[in-house]
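*Asks:* Please read through the structure below; I'll follow up with questions.
The values are calculated or read from the model by the stated rules, or taken from the named source; none is laboratory data. All of these numbers come straight from a predicted model, not from anything done at the bench. FYI the Cβ positions are ideal-geometry reconstructions off the backbone, even for glycines, and counts take in every protein chain you see. Each accessible area value is taken on the protein alone, full model and side chains, heavy atoms only, with ligands, DNA and RNA left out. Shrake-Rupley method; radii C 1.70, N 1.55, O 1.52, S 1.80 Å.
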Amino acid sequence: MKTVNHWIGGKTVEGASGNWGQVTDPATGAVTTQVALASAQEVDAAVAVAKAAYGTWGTSSLSTRTGILFSYRALLDAHRDEIAALITAEHGKVHSDALGEVARGLEIVELACGITTQLKGELSTQVSNRVDVSSIRQSLGVVAGITPFNFPAMVPMWMFPLAIACGNTFVLKPSEKDPSAANLLAELASEAGLPDGVLNVVHGDKVAVDSLLAHPDVAAVSFVGSTPIARYIHATASANGKRVQALGGAKNHMLVLPDADLDAAADAAVSAAYGSAGERCMAISAVVAVGAIGDELVQKIRERAEKIKIGPGNDPASEMGPLITAAHRDKVASYVTGAAAQGAEVVLDGTGLRVDGYEDGHWIGLSLLDHVSTDSDAYRDEIFGPVLCVLRTQTYDEGVALMNASPFGNGTAIFTRDGGAARRFQLEIEAGMVGVNVPIPVPVGYHSFGGWKDSLFGDHHIYGNDGVHFYTRGKVVTTRWPDPADAPSGVDLGFPRNH
């Protein structure tokens, strides 16, 4: 059986706690790997290594950092398939989807390569007689990242490249459900020339998380995961005096107006709801159909959903893979089986899916629920699986009011041909990311990613300018130098004494 250990100080460090987690192949249900679960003492050791490395890395030149990052970007590009294969083996998503994840992570590495521009300060001269004021941004020290299972390569790359480009050192605690990609990312960084201790990977469960949240030498914590855990991370780390960005869950809505291209809207709904088996915080999980178009839209979604090929992620014919664990599969299925009792029409029920030759895999088919009420469990909860709810409203205003009543505010979309309606929507909707005829409005790397309300705890979004600001702190320097002509008697610097 494969063993995944920690990566600390530029080398593999065997787990010493005696606690191990199991990693399964979601397509077969077989346990393929054991992963070390760190004790508090092992977390302390990783932080100590990172703190020691900061003494040199924090004062390194920008050209040194960016040179390493450029080399790292080239190595990641060369190893795309290898990283994607690890994601497929442990997460279950299809290979093409895993490649897309790596590509989106590379965007942030590329942003970090240009950090020299992002870290420029400001200068005002002669604010008073011979007085200048400048502002600079400096690194924080040791920072930590706690990342989810659904994007085991992309989300870590949303964090550590910017953090280390800004001069920090980093301790990553990835999900214990699919840990291998994180280790490969760290190994490639070392191969690119990143000094030992700048990037460390500690595997673990709540023990490791709580140790990072409480550690006095950890200056900041980045987190992506569910809303209850994001709230806990934010409260606990903040109470310990740390800077925190904690991205939580979502219930992303797509508003479809009567004038929309229904074929385009249906295509978008299927890809956004069922891509990555719905295991993504930017999945569209609720379609709000306005006016009389609901029946036609639901039929078009159903026709497309029924054609999706579900199978193991390493099969090129597969368009959707299994869910991460059997327990998660069962939880997702419970929302579908309970939907009818709460007033929904079950248009597609994927809970009985079986895949020949992979009978023990964590399979579930695509489910489509129509006429869903806002007080049903399937609507209120973040399901994190391939379940799409359709709600009906009569007007645009009703649709926006319904969407704004949700406690989540991560991403949203509108499908319409009316520019005026789209403009109103982007101003009136209460969400951090908005798509206009774009179903999954994940910003490119040089803009920032993050939601509103219960989808984000903390002031900073992730990556982009917000990411740079999160991993640095500002300092303002006010300077006054005497004129050289005023030098003390006996010191002649060659300046004329003309006053």
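*Asks:* For a 18 Å ceiling on Cα separation, which of these pairs sit above it: 251/307; 93/453; 206/331; 11/51? Could the numbers behind the result be given before it?
*Replies:* Details: 251/307 25 Å; 93/453 29 Å; 206/331 21 Å; 11/51 16 Å.
Table pairs above 18 Å Cα-Cα are 251/307; 93/453; 206/331.
*Asks:* Here is a further query. Need the full-extension length gain, residue 398 to residue 70, defined as separation in residues times 0.36 nm minus the C-alpha distance. One decimal, nm. Please report the intermediate quantities before stating the final value.
*Replies:* Numbers: separation 328, 0.36 × 328 = 118.08 nm, distance 4.95 nm.
Using 0.36 nm per residue and subtracting the Cα-Cα distance, I get 113.1 nm.
*Asks:* For a protection proxy built on the mean count of beta-carbon atoms within 10 angstrom, sort 71-78, 331-338, 90-97 highest first, please. Provide the component values of the computation, followed by the final result.
*Replies:* Values: 71-78: 16.8, 331-338: 18.4, 90-97: 24.8.
Answer by packing, highest mean first, reads 90-97, 331-338, 71-78.
*Asks:* Within the chain, what percent of beta bridges assigned by DSSP are antiparallel, to the nearest 5?
*Replies:* Numbers: 30 of 73 bridges.
Of all bridge pairs located within the chain, approximately 40 percent are antiparallel.
*Asks:* Using a Förster radius of 51 Å, what is the FRET efficiency between residue 30 and residue 129 based on their Cβ-Cβ separation? Nearest 0.05, please.
*Replies:* After rounding to 0.05, the efficiency reads 0.10.
*Asks:* Could you tell me the distance between the Cα centroids of the stretch 348-414 and the stretch 56-74, to the nearest Å?
*Replies:* When both Cα centres are located, 44 Å separates them.
*Asks:* Hey, another quick one. Compute the normalised compactness of the chain: alpha-carbon radius of gyration over 2.2 N^0.38 Å, N being the residue count. Before the final figure, lay out each step's value.
*Replies:* Values: Rg = 25.4 Å, N = 499, 2.2 N^0.38 = 23.3 Å.
With N residues counted in the chain, Rg over 2.2 N^0.38 Å equals 1.09.
*Asks:* Related question: Suppose R0 equals 56 Å. What FRET efficiency, 1/(1 + (r/R0)^6) with r the Cβ-Cβ distance, do residue 381 and residue 480 give to the nearest 0.05? Before the final figure, lay out the partial values.
*Replies:* On the way: r = 60 Å, r/R0 = 1.07.
Efficiency at R0 = 56 Å is approximately 0.40.
*Asks:* Same structure again: At what distance in nm do the modelled label points of residue 354 and residue 217 sit from each other, each positioned 7 Å from its Cα along Cα→Cβ?
*Replies:* About 5.5 nm separates the two model spin labels.
*Asks:* While we're here: For the stretch 341-499, give the percent of accessible area contributed by carbon and sulfur heavy atoms, probe 1.4 Å, rounded to a whole number.
*Replies:* Details: 4030 of 8050 Å².
In the stretch 341-499, the share of accessible area belonging to carbon and sulfur is 50 percent.
*Asks:* For the stretch 280-325, what is Rg from Cα atoms divided by 2.2 N^0.38 Å, rounded to two decimals?
*Replies:* Dividing the Cα Rg of the stretch 280-325 by 2.2 N^0.38 Å gives 1.50.
*Asks:* Would you mind working out the accessible area per residue for the stretch 23-77, using a 1.4 Å probe, and quoting it in Å²?
*Replies:* Value returned for the stretch 23-77: 40 Å² of accessible area per residue.
*Asks:* Could I ask something else about it? What whole number of Å gives the distance from the Cα centroid of the stretch 76-151 to the Cα centroid of the stretch 177-229?
*Replies:* 15 Å
*Asks:* Now for a different question. Show me, for the stretch 449-457, the HN-Hα J-couplings you get by feeding each phi into the Karplus relation (A = 6.51, B = -1.76, C = 1.60, θ = phi - 60°), rounded to Hz, glycine and proline as x.
*Replies:* 10, x, x, 10, 6, 7, 9, 8, 10
*Asks:* Let me ask something else. How big is the stretch 375-494 by the Kirkwood estimate over distinct Cα pairs, in Å?
*Replies:* Result for the stretch 375-494 stands at 18.5 Å.
*Asks:* Mean 1/r over all different Cα pairs, inverted: what Kirkwood radius does the stretch 312-367 give, in Å? Could the numbers behind the result be given before it?
*Replies:* On the way: mean 1/r = 0.0823 Å⁻¹.
Evaluated on the stretch 312-367, it is 12.2 Å.
*Asks:* Using the Cα gyration tensor of the stretch 1-61, with a ≥ b ≥ c the square roots of its eigenvalues, what is the shape: rounded (a/c below 1.5), prolate (a/b larger than b/c) or oblate (neither)? Don't skip to the answer; put the middle values down first.
*Replies:* Details: a/c = 3.79, a/b = 2.22, b/c = 1.71.
Judged from the Cα gyration tensor, the stretch 1-61 comes out prolate (a/c at least 1.5, a/b above b/c).
*Asks:* Let me ask something additional. Under 13 Å from a label point 7 Å along Cα→Cβ of residue 191: give me every residue in the stretch 66-107 with its amide N that close.
*Replies:* Output list for this probe position: 71-84.
*Asks:* How do the peptides 231-240, 140-149, 350-359 rank, highest first, by the average count of neighbouring beta carbon atoms within 10 Å per residue?
*Replies:* 140-149, 231-240, 350-359
*Asks:* Same structure again: Restricted to Cα positions, what overall size does the stretch 368-417 have along the principal axes? Three whole-Å values, descending.
*Replies:* 29, 23, 21
*Asks:* Any number yet on Rg/Rh for the stretch 127-242, C-alpha, Kirkwood?
*Replies:* With Rg and the Kirkwood Rh in hand, the quotient comes to 1.08.
*Asks:* More than 18 Å apart: what percent of Cα pairs in the stretch 101-157 qualify?
*Replies:* Value for the stretch 101-157: 59 percent of Cα pairs lie more than 18 Å apart.
*Asks:* Still on this structure, please answer the following. Reported to two decimal places, what Rg/Rh ratio describes the stretch 127-181 when computed on Cα atoms with Rh from the Kirkwood expression?
*Replies:* Rounded to two decimals, Rg/Rh equals 1.32.
*Asks:* Just need the Rg to Rh number for the stretch 306-438, please, alpha carbons only, Kirkwood Rh.
*Replies:* Looking at the stretch 306-438, the ratio lands at 1.03.
*Asks:* Given charges of +1 on the Cβ of Lys and Arg and -1 on the Cβ of Asp and Glu, with all other atoms neutral, how large is the dipole of the chain about its Cα centre, in debye to the nearest 20?
*Replies:* Charge dipole of the chain: 1440 debye, to the nearest 20.
*Asks:* A further question on this structure: For a quick check: with amide H placed at 1.01 Å from N, whose amide H comes under 5 Å from residue 285's, ignoring anything fewer than 5 positions away on the same chain?
*Replies:* Distant-sequence amide H within range of residue 285: 252.
*Asks:* Using DSSP, restrict attention to beta bridges with both residues in the stretch 337-490 and report what percent are antiparallel, rounded to the nearest 5.
*Replies:* Here the share of antiparallel DSSP bridges comes out near 45 percent.
*Asks:* Now for a different question. Mind listing the long-range amide H neighbours of residue 131? Cut-off is under 5 Å, sequence gap 5 or more, other chains count too, H placed in the peptide plane at 1.01 Å from N.
*Replies:* The list, which skips near neighbours in sequence, is 126.
*Asks:* So who's got an amide H within less than 5 Å of the one on residue 249, skipping anything under 5 residues away but keeping other chains? H placed 1.01 Å off N, in plane.
*Replies:* 227
*Asks:* Treating the stretch 1-124 as a set of equal point scatterers at the Cα positions, no solvent, please give the Debye-formula log₁₀ I(q)/I(0) at q = 0.19, 0.21 Å⁻¹.
*Replies:* Summing over Cα pairs of the stretch 1-124 leads to -1.20, -1.21.
*Asks:* Label-point separation (nm) for residue 81 and residue 330, each offset 7 Å from Cα along Cα-to-Cβ?
*Replies:* Result: 3.9 nm between the two label points.
*Asks:* From Cα coordinates alone, what are the radius of gyration and Dmax values for the stretch 48-121 in angstrom?
*Replies:* 15.5, 44
*Asks:* Using only the Cα atoms of the stretch 241-347, what are the Rg and Dmax in Å?
*Replies:* When restricted to Cα atoms, the stretch 241-347 yields Rg and Dmax of 16.2, 53 Å.
*Asks:* So what J values fall out for the stretch 9-26 if you push phi through Karplus, 6.51 cos²θ - 1.76 cosθ + 1.60 with θ = phi - 60°, rounded to Hz, Gly and Pro as x?
*Replies:* The phi angles translate into x, x, 8, 6, 10, 5, x, 10, 6, x, 9, 9, x, 9, 10, 10, 7, x Hz.
*Asks:* Now for a separate question. Carbon and sulfur atoms: what percent of the 1.4 Å accessible area of the stretch 195-309 do they account for?
*Replies:* 54 percent
*Asks:* Counting pairwise Cα distances across the stretch 419-465, what percent come out greater than 18 angstrom?
*Replies:* Distances greater than 18 Å cover 35 percent of the Cα pairs.
*Asks:* A further question follows. Rank by packing, highest mean first: peptides 168-177, 121-130, with packing defined as the count of other Cβ atoms within 10 Å averaged across residues.
*Replies:* Details: 168-177: 25.9, 121-130: 10.7.
Result, highest mean Cβ count within 10 Å first: 168-177, 121-130.
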